[in-house]
Structures are given as structure tokens and as C-alpha cells.
1. Which percent, to the nearest 5, of DSSP beta bridges fully inside the stretch 57-178 are antiparallel?
2. With +1 on each Lys and Arg Cβ and -1 on each Asp and Glu Cβ, how big is the dipole of the stretch 213-363 about its Cα centre, in debye rounded to the nearest 20?
3. For L258, which sequence-distant residues (separation of 5 or more, or a different chain) have an amide H within less than 5 Å of its own amide H, given hydrogens modelled in the peptide plane?
4. Can you list the HN-Hα couplings for the stretch 267-274, worked out from phi with the Karplus curve (6.51, -1.76, 1.60; θ = phi - 60°), rounded to whole Hz and with x for Gly and Pro?
5. What residues from the stretch 126-158 fall in the zone where the backbone N is under 18 Å from a label point 7 Å along the Cα-to-C-beta line of R185?
6. Can you work out ³J(HN,Hα) from phi for every residue in the stretch 343-358, in order, using Karplus 6.51 cos²θ - 1.76 cosθ + 1.60 and θ = phi - 60°, giving whole Hz and x for Gly and Pro?
7. When the solvent-accessible surface of protein heavy atoms is calculated with a 1.4 angstrom probe, in what order do D293, D200 fall, highest first?
8. If you take the square roots of the eigenvalues of the alpha-carbon gyration tensor of the stretch 234-356 and sort them as a ≥ b ≥ c, do you get rounded (a/c under 1.5), prolate (a/b over b/c) or oblate?
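The values are calculated or read from the model by the stated rules, or taken from the named source; none is laboratory data. Computed from a prediction, not measured in an experiment: that's the story for all the values here. Every residue, glycine as well, gets a Cβ built from its backbone with ideal geometry; the counts of neighbours run over all protein chains shown. Surface areas here come from the heavy atoms of the whole protein model, side chains and all, with no ligands, DNA or RNA. Shrake-Rupley method; radii C 1.70, N 1.55, O 1.52, S 1.80 Å.
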Amino acid sequence: MTANTSSAIRTALLALTLAAAMAVLGACGGESEPATAPIGTASASSSSASSPSAAATEPPEPTAAFLAPLTGLPTDQAVVRRPLSVMINNFKAARPQSGLTHADTVWEILAEGGITRLLAIFQSQTFDDPIGPIRSIRPYLIDVGETYGGVLVHAGASNDALAILQHSGKADMDEINNAGAYFYRSKDRKAPHNLYSTQDKLYTGAQKLKYDETATVPLVQFDPTPDVIGKPTATQVDIKFQLSDYKVSYQYDASAHLYARSVNGQPHIDLNNSRQLTAANLVVLSAKHHAYDDYGRLEIDLNSGGEAVLFQEGRAIACEWKRTPGDIIRIYRDGRELKFVPGTTYYHVVPTDGGFASHVTYE
């Protein structure tokens, strides 16, 4: 993608997002103040006054009929189906994974032994390609997956996670216990790194299990042109969890307005299409981790809040994360919730051990 093409797409996206917001305001009625034009542009009334023929000569701006709830990107129709919250294997033998370029949101969180697991939230995109490899779930992954209203998709669980899920009535698809028919094993890899499914299989299974087809999805705020002037440059971001085999890095592409993801210095790609994983927003947040058994199973505090940093538009914004019961984690600076650039968001949960600066560096 060229810089000129990317800029054109970004300009169109800004127009779409603003048009959608104005449509919502117009539908609300009442005595709300009229929407104002962005800085540097003329309002419709001033344009008409200065150039009576403007309306006849200038084509109307495109309007976004709908915006995807979790990405803020324009869609052809309303995105109302229930998300899928899928536990993705991130062991070295499981990479590259399949389907992640279609995820709206991705969380990377430690599992036992210093390895990380990916929790991918799929909602706005429809695709036929495989998703996986799929692995087991932990209590804190249940927590995160449910906050998006998602059907929990996994293969087995830790003892504590299984105790939470059994007889709970949660929307849960477990390859081992209740939904094996909706998963399959690939012959291209060795077990346990070869379990996959597809959107169609998973939504069919959820319907057979009589799970609600829609769910309340958290309201995420977006801004196509965030104010990052004066914030520290962050075109190279490096994140360390525990093991050296899980060093994650991102390189910012200014022409595409995206961060390209690598693992251990190698591009992290989607096996389905050989595309490198990218994100418009990166969040790194620090949380208390506690290993409670000899196997190293973890308790991770995703409720108390703490230090965080948001990366967008090649800049770093030091902030803090907070959470209220039943809601997703949100990030704030000076008491104000920060908005995301429309696109995919990757979250990374690092331990408090060693201090925040020992887990994330940027330049």
C-alpha cells in the first residue's frame, strides 16, 4: 500500500466516521447543539454563503451507514452478531497461527511456565479460513472473553477454569467437553498444536447449543485523528513478558498508520494469507501476577487498575488502566478516557515484577 493510497483511505475513513456521528446526533433530536465541522474546514452554511454553486458542483461526502463496535471501521450493515472469544495457542510450535488478521481485538496474556496465550475477539469480519490452533482456557481468560459478550471457544481448561464453567450456563464451546463436533484436527501439525475451527462451524455450534445469537458488546470510543502532538516518539516498541522466547516487537508504518508485529525478530504472520499481523492501537498494561501452585498456574489481577501505555500514530501516551465491574478494561489520562484510532487493538498484560519499564521499551 502506498502512502498516497493510505492517506486517501484515512481521509475517507475520517469523513465516514464524522458523517456517522452526525447522523447519530441528528437522530437524537431534542435541543442538542448542532455538530460542528472539524478544524480547518468550512461549515456547510459558510460554504453556501461564500459559494452558492458549491452544492451543485461538489460531490457529497460518503456516509457510513454503520461502524463496527470493536474497531470503529465502516461496515455495509449493522454488526450485531455475538462475538467469538477464541483461545489461540501461542507456543512456538503453534506459530504461525491462522485467522488473526480477521480479529477485531487481540489480548496477549501469560499462561503458566512463562508462555503467553492469545485471546482473539472475532465479530465484524466474515471469513471462511481456519481459526487456530485453539487451546485451553484460564479463569482470567474467561473473564476477559466474557466482557466482550463473546462465546468462549477453547479446548479444555485448568481445574479452576473448569470449575467456573461447569453447570454455569455460560456460553461456552469446549472441544473436549461439549462441542467436539465443531472443531477439527489438522494433519499438518502434531497435537496438541493442530486444533482448528471456522467461523461457520463455531456459529453453527453456538446455535445448536442454544446460545443467544446476540449479546451486549462494550462501547469503545474512537477518534480517527487523536491529539498526539508532543507525545514521545514510539515507532519501535518492544515488549517482554517472561521468557526470552516471547519477545514481542512492533514497527510503526507511518504510510499505513499501523504497527506491524514480530516475535523474536521475525514477522508474526497469519498462516491463512501470509500477511503480517498489524494493529492501529497497542496497549500495554501492568497487573499483579501470582503463581498459586507448583505447576505455575496464575492468578492475574485484572480489576485493581495500574500503569499502562497506549501506542498510536507512532507515539506513546503514558496512562493508567481502570475497570468497573462487568466492563472491559479502559485506559485514562488525567481522568479522561483515551480513544482508539479506528482499527484493530492489541492488548498486552505484563507482570508488575521488575517494574513497568523492564517489560516495555520504545523509541
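1. Details: 15 of 22 bridges.
Here the share of antiparallel DSSP bridges comes out near 70 percent.
2. Values: 14 positive and 19 negative charges, 50 e Å.
Here the stretch 213-363 has a charge dipole of around 240 debye.
3. The list, which skips near neighbours in sequence, is D253.
4. Per residue, the Karplus-derived 3J(HN,Hα) values read x, 8, 10, 8, 4, 5, 9, 6 Hz.
5. Label zone hits: 131-136, 154-157.
6. x, 6, 10, 10, 9, 9, 9, 10, x, 7, 4, x, x, 4, 5, 7
7. Numbers: D293 50, D200 110 Å².
Sorted descending by solvent-accessible area, the residues read D200, D293.
8. Working: a/c = 1.92, a/b = 1.19, b/c = 1.61.
Judged from the Cα gyration tensor, the stretch 234-356 comes out oblate (a/c at least 1.5, b/c at or above a/b).
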